[in-house]
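The values are calculated or read from the model by the stated rules, or taken from the named source; none is laboratory data. Being a predicted model, the structure only gives us computed values, none of them experimental. Here Cβ is always computed from backbone atoms with ideal geometry, including for glycine, and neighbour counts include all displayed protein chains.
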Amino acid sequence: MIPASFEYERADSSDHALELLDRHGEEAKLLAGGHSLLPMMRLRLATPAVLIDVGRLTDLSYVRDDGDAIAIGALTCHEDIKDSDVLKQHCGIVAHTAGEVGDPQVRHLGTIGGSIAHGDPASDLPTVMLALDAQFVVRSSGGGRTLAASNFFSGLFETALEPTNLLTEVRVPKLSGGWSYQKFHHRAQDWAIVGVAAVQHNGGAAVALTNMSDVPMRAAGVEQALASGSDAATAATEAAQNTSPPSDPFGSAEYRRDLAKVLTRRALQEAMSS
Amino acid sequence: MRRVSLTVNAVEHEAMVEPRQLLVYFLREQLGLTGTNVGCDTSTCGACTILLNGKSVKSCTVLAVQAEGTEVTTIEALAQDGDLHPLQQAFHETHALQCGYCTPGMIMAALDLITNNEDMDEDEIRTGLEGNLCRCTGYHNIVKAIQQASSEMRSFATK
Ligand SMILES: Cc1cc2nc3c(=O)[nH]c(=O)nc-3n(C[C@H](O)[C@H](O)[C@H](O)COP(=O)(O)OP(=O)(O)OC[C@H]3O[C@@H](n4cnc5c(N)ncnc54)[C@H](O)[C@@H]3O)c2cc1C
Ligand code: FES
Ligand code: FES
């Protein structure tokens with residue numbers, strides 16, 4: 001199907017994008033790689049009146065070593081993140097997980113900023129961001145602010161971003177320990193039926209879940225069990241606590257709860273052995 | 001309507017398009033390049049794969065206006081003066097197609113893989129094709145064709 005009509009604007013700079021956002025307000029949507037938005041527009045699940053194309057803002061496509069953190073430009077495509085030596089060295093889970101997104105064609109256009117801003121609980125990178133306590137740098141014409149991943153994902157396709165905001169940078173820590181992202185899917189290119197991210201950092205372990213609620217979520221029960229001395233296999237049995245996974249043709253909610261426990265065990269074992 | 005100018009198969013084009021026009025329909029309907037197929041509504045099948053600035057993309061999930069100033073390569077650019085490209089020849093020789101609907105997309109995805117990766121083993125080829133679905137062949141001969149074309153293209157490049 002073909003999307004409903006809309007007006008198209010192309011931003012030549014971040015400032016220009018912000019100006020266009022202010023001018024068009026809630027009518028407008030930013031277009032980055034278009035690999036979440038255009039499929040939704042083709043199915044007429046989204047019908048924005050104006051698209052503001054930020055795909056040409058190449059100054060927002062980078063991965064940089066920035067002292068204690070790695071800074072990733074919001075317009076960096078999944079393929080560049082997957083291939084980034086800086087990320088492979090300091091925060092391998094981000095490079096690995098970007099390589100698990102979709103297929104090569106999707107990774108050539110889809111961006112990390114789009115993945116995060118879209119707020120889809122079945123997306124892989126938001127879960128990893130949550131496990132890493134990542135920071136998101138956001139601009140509006142009024143100034144800038146930095147949001148913590150833990151306060152960012154507020155509901156199904158809803159985030160803390162306001163309609164006039166541009167996400168410009170994602171900041172992740174340099175990991176001191178092992179990590180794992182376990183993704184269980186149907187066909188190779190598919191979204192996760194369930195995904196589990198586990199990272200060891202500064203002596204603690206963080207675990208986050210994909211597609212187990214209407215937002216990516218931390219597996220608090222697993223983290224508490226680990227903190228109080230449980231081994232990986234025992235802690236993993238807490239993975240379904242407080243979850244509300246969807247039921248769909250790929251799996252019932254009950255199946256997903258079970259899968260979350262199995263994948264959490266595998267993720268913890270892999271993170272702890274590396 | 002909005003003006004776009006882009007290079008398709010080394011020829012420059014300028015046209016007026018509706019912003020909502022998808023690149024694949026621009027190629028097929030405005031330029032008459034019907035080698036690129038449309039096989040789904042959900043960005044999953046890969047039949048519409050082309051190269052955009054040398055990278056494989058699904059042209060059903062790109063707006064024509066997004067392609068402003070880019071270089072597009074479609075399946076029509078591969079055969080030269082009636083001689084099949086090594087990938088086309090290998091698909092032909094190894095029976096890598098039955099109905100042929102997925103073939104243009106498979107070949108364009110494979111062209112990106114061969115050009116942008118060092119020698120690939122069978123596993124890497126299979127993973128590299130995760131964005132392309134084939135309902136007929138069961139993939140085995142597609143993988144064989146890509147292996148054959150890949151070694152021919154490399155030995156040709158080093159000659
Ligand atoms: C076939 C297919 C398979 C896929 N498989 C997976 C998968 O397995 N796992 C997965 O995680 N994802 C998957 N995806 C989605 C893919 O990762 C998308 O690229 C990503 O979700 C969105 O990034 P984008 O740049 O394409 O964003 P767009 O589609 O351009 O935008 C998405 C949303 O974010 C907003 N936005 C974009 N950039 C910004 C910004 N800088 N600041 C503020 N708002 C912004 C847009 O306005 C829009 O609302 C798949 C997509 C397809 C088509
Ligand atoms: S037509 Fe199926 S992915 Fe483009
Ligand atoms: S040959 Fe028929 S779909 Fe691939």
What is the residue count in region B:52-99 for residues that are assigned to a strand (DSSP E or B) and not basic (Lys, Arg)?
9
Screening A:156, A:167 for residues that are of a type outside the set (Ser, Thr, Tyr) and free of Cβ contacts under 8 Å to residues at least 60 places away in the same chain leaves only A:156
Considering residues of region A:32-84 that are assigned to a loop (DSSP other than H, G, I, E, B), within 17 Å of the chain's Cα centre (by Cα) and hydrophobic (A, V, I, L, M, F, W, C) only, the residue nearest to residue B:21 (Cα to Cα):
A:32
If you take the residues in region B:71-94 that are free of Cβ contacts under 8 Å to residues at least 24 places away in the same chain and within 15 Å of ligand 3 (Cβ to nearest atom), which one is nearest to residue B:47 (Cα to Cα)?
B:88
Quick one: is residue B:97 within 16 Å of ligand 3 (Cβ to nearest atom) and within 14 Å of chain A (Cβ to nearest Cβ)?
no
Selection within region A:107-138 - in contact with a Lys or Arg (Cβ under 9 Å, 6 or more places away or on another chain) and crowded, with 24+ Cβ neighbours inside 10 Å:
A:107, A:108, A:109, A:124, A:130, A:131, A:134, A:136
Got at least one residue in region A:64-76 being within 11 Å of chain B (Cβ to nearest Cβ), of a type outside the set (Val, Ile, Thr) and touching a residue at least 40 places away in the same chain (Cβ under 8 Å)?
no
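Residues checked against (1) of a type in the set (A, V, I, L, M, F, W, C); (2) at pLDDT below 95; (3) surrounded by fewer than 19 Cβ atoms within 10 Å (Cβ to Cβ):
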residue: B:95; (1), (2), (3): no, no, yes
residue: B:101; (1), (2), (3): no, no, yes
residue: B:111; (1), (2), (3): yes, no, no
residue: B:120; (1), (2), (3): yes, yes, yes
residue: B:129; (1), (2), (3): yes, no, no
residue: B:146; (1), (2), (3): yes, no, no
residue: B:155; (1), (2), (3): no, yes, yes
Of the residues B:133, B:129, only one is within 16 Å of ligand 1 (Cβ to nearest atom), in contact with a Phe, Trp or Tyr (Cβ under 8 Å, 6 or more places away or on another chain) and closer than 23 Å to residue B:72 by Cβ; which?
B:129
Would you please name the residue that is nearest to ligand 3 (Cβ to nearest atom), looking only at residues in region A:91-114 that are part of a helix (DSSP H, G or I) and of a type in the set (S, T, N, Q)?
A:105
Pair list, Cβ under 8 Å, 6 or more apart: region A:99-110 residue more than 9 Å from chain B (Cβ to nearest Cβ), other residue among the aromatic types (Phe, Trp, Tyr):
A:100/A:181
